[in-house]
Amino acid sequence: KNQVEQSPQSLIILEGKNCTLQCNYTVSPFSNLRWYKQDTGRGPVSLTIMTFSENTKSNGRYTATLDADTKQSSLHITASQLSDSASYICVVSVSKAAGNKLTFGGGTRVLVKP
Amino acid sequence: DAGVIQSPRHEVTEMGQEVTLRCKPISGHNSLFWYRQTMMRGLELLIYFNNNVPIDDSGMPEDRFSAKMPNASFSTLKIQPSEPRDSAVYFCASSLGPASSNYGYTFGSGTRLTVV
């Protein structure tokens, strides 16, 4: 069964500190992995998209890594800001041949405190 | 670009009533997705259209739910009859490519549905 597990479920960090969110998946055949940021009351916003051959991708203070062998991804937030408080969702998609399906993680809720 | 436009933003309806949610994707995007989000289940893909054709509707909960995309600029998600367990935030998203492509999705602001 295709699954995406995220950890931790929630996280509280102090402004200016770094944090790392984890995403483990069993989705196969893998096509790509996306990280989204969702502010309260808003739709998710794409942060990064990575394919099988990509190990790391950055978007400002957000850096995603992907290890396709171990089926793990991480999202690192550097020098956190209050505006980073949001839910972060990992989404993995299978190939077109397998039906283009998406599997969502349950998200990690991050709270940045001053 | 106004982004993905959903209406209404909020909907409160009585159990048994018909509910219609609307979505206007970004012009030029050929894939459209309907999602439902609840605290218990997170984000769930309900149905996905590519070039106005439903590709995968395996996420549609039951026959009470139906979705249409009569043209490239408009889609509806209908619930008839609605039930309290349908209460959730319903998101529409569009993309330049299908789900497995490397194009990003743009989400609308969602419709918060409450069925009482």
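Worth pointing out:
- Qualifying residue in the range B:7-21 (condition: assigned to a strand (DSSP E or B), crowded, with 16+ Cβ neighbours inside 10 Å, in contact with a Gly (Cβ under 7 Å, 6 or more places away or on another chain) and within 14 Å of chain A (Cβ to nearest Cβ)): no
- For the range A:26-35, a residue qualifies if it is at the interface with another protein chain (Cβ under 9 Å from one of its Cβ atoms) and modelled with pLDDT of 95 or more, but none of them does.
- Scanning the range A:69-84 for residues that are of a type outside the set (Asp, Glu) and within 14 Å of the chain's Cα centre (by Cα) gives A:Lys71, A:Gln72, A:Ser73, A:Ser74, A:Leu75, A:His76, A:Ile77.
- Residue count, the range A:83-114 (criterion: part of a strand (DSSP E or B), away from chain B (no Cβ under 14 Å) and under 16 Å from A:Tyr36 (Cβ atoms)): 1
- Looking only at the range A:54-82, and only at residues there that are among the polar types (S, T, N, Q) and assigned to a loop (DSSP other than H, G, I, E, B), the one that is surrounded by the fewest Cβ atoms within 10 Å (Cβ to Cβ): A:Thr70
- Among the candidates A:Val27, A:Val45, residue that is touching a residue at least 12 places away in the same chain (Cβ under 8 Å), closer than 22 Å to B:Ser95 by Cβ and β-branched (Val, Ile, Thr): A:Val27
- Any hit, the range B:5-12, residues being touching a residue at least 40 places away in the same chain (Cβ under 8 Å) and closer than 17 Å to B:Pro81 by Cα: yes
- Just one of the listed residues (B:Val115, B:Val53) is of a type outside the set (S, T, N, Q) and crowded, with 19+ Cβ neighbours inside 10 Å, namely B:Val115.
- Residue match in the range A:61-79 (condition: at the interface with chain B (Cβ under 9 Å from one of its Cβ atoms) and in contact with a Gly (Cβ under 7 Å, 6 or more places away or on another chain)): no
- Qualifying residue in the range A:39-53 (condition: surrounded by 15 or more Cβ atoms within 10 Å (Cβ to Cβ), more than 14 Å from every other protein chain (Cβ to nearest Cβ) and assigned to a strand (DSSP E or B)): no
- Residue among A:Leu21, A:Leu33 that is closer than 17 Å to A:Val112 by Cβ and either exposed (fewer than 11 other Cβ atoms within 10 Å of the Cβ) or of a type outside the set (Asp, Glu) (or both): A:Leu21
- Only one of the numbered conditions (1) under 13 Å from the mean Cα position of the chain (by Cα); (2) within 12 Å of chain A (Cβ to nearest Cβ); (3) touching a residue at least 24 places away in the same chain (Cβ under 8 Å) is not met by B:Gly59, and that is (3).
- Within the range B:34-78, the set of residues being in contact with a Phe, Trp or Tyr (Cβ under 7 Å, 6 or more places away or on another chain), among the hydrophobic types (A, V, I, L, M, F, W, C) and over 21 Å from B:Ser109 (Cα atoms) comprises B:Ile55 only.
- The range B:40-56, subset touching a strand residue (DSSP E or B) at 6+ places or on another chain (Cβ under 9 Å) and over 21 Å from B:Ser73 (Cα atoms), residue farthest from the other protein chains (Cβ to nearest Cβ): B:Arg41
The values are calculated or read from the model by the stated rules, or taken from the named source; none is laboratory data. Note that the structure is a prediction, hence the values are computed from the model and not measured. No Cβ is skipped: glycine too gets one built from the backbone with ideal geometry, and neighbour counts run over all protein chains shown.
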